[in-house]
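The values are calculated or read from the model by the stated rules, or taken from the named source; none is laboratory data. Being a predicted model, the structure only gives us computed values, none of them experimental. When we count neighbours, we look across all protein chains shown, and the Cβ atoms used for this are built from the backbone with ideal geometry, even at glycine.
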Amino acid sequence: MKLVLYLSLCLFSISSFGEKSLSLTDYQIQKICKKQKKATLCINKLKEKKSTLQKGNVIEIPVLPFRR
């Protein structure tokens, strides 16, 4: 019984939160790109990715390895 309850709870949470995606605000984009040499190019790329994400399309996010 606990297994059924656990599975139904997991499926419900995945279905309710899986469709929502959060994107960066304009202020966060400017803050990130302030450190770049070509800030305007960085801002334009991030705003394009933001609009693509808000439309519901998949974007590619680079993953940087952790360095100690």
Open item on the list: Contact list please: Cβ distance under 8 Å, first residue in the range 32-47 and in a loop (DSSP other than H, G, I, E, B), second residue surrounded by 12 or more Cβ atoms within 10 Å (Cβ to Cβ) and not aliphatic (A, V, I, L, M), pairs at least six apart or on different chains.
Closed with: Q36/C42
Task: Meets criteria (among the aromatic types (F, W, Y) and modelled with pLDDT of 80 or more) for F12 - done: no
TODO: Kindly indicate which of V58, V63 is within 12 Å of the chain's Cα centre (by Cα), assigned to a loop (DSSP other than H, G, I, E, B) and without any contact (Cβ under 8 Å) to a residue 60 or more places away in the chain.
DONE: V58
Task: From K49, K55, K37, residue being surrounded by 10 or more Cβ atoms within 10 Å (Cβ to Cβ) and modelled with pLDDT of 80 or more - done: K49
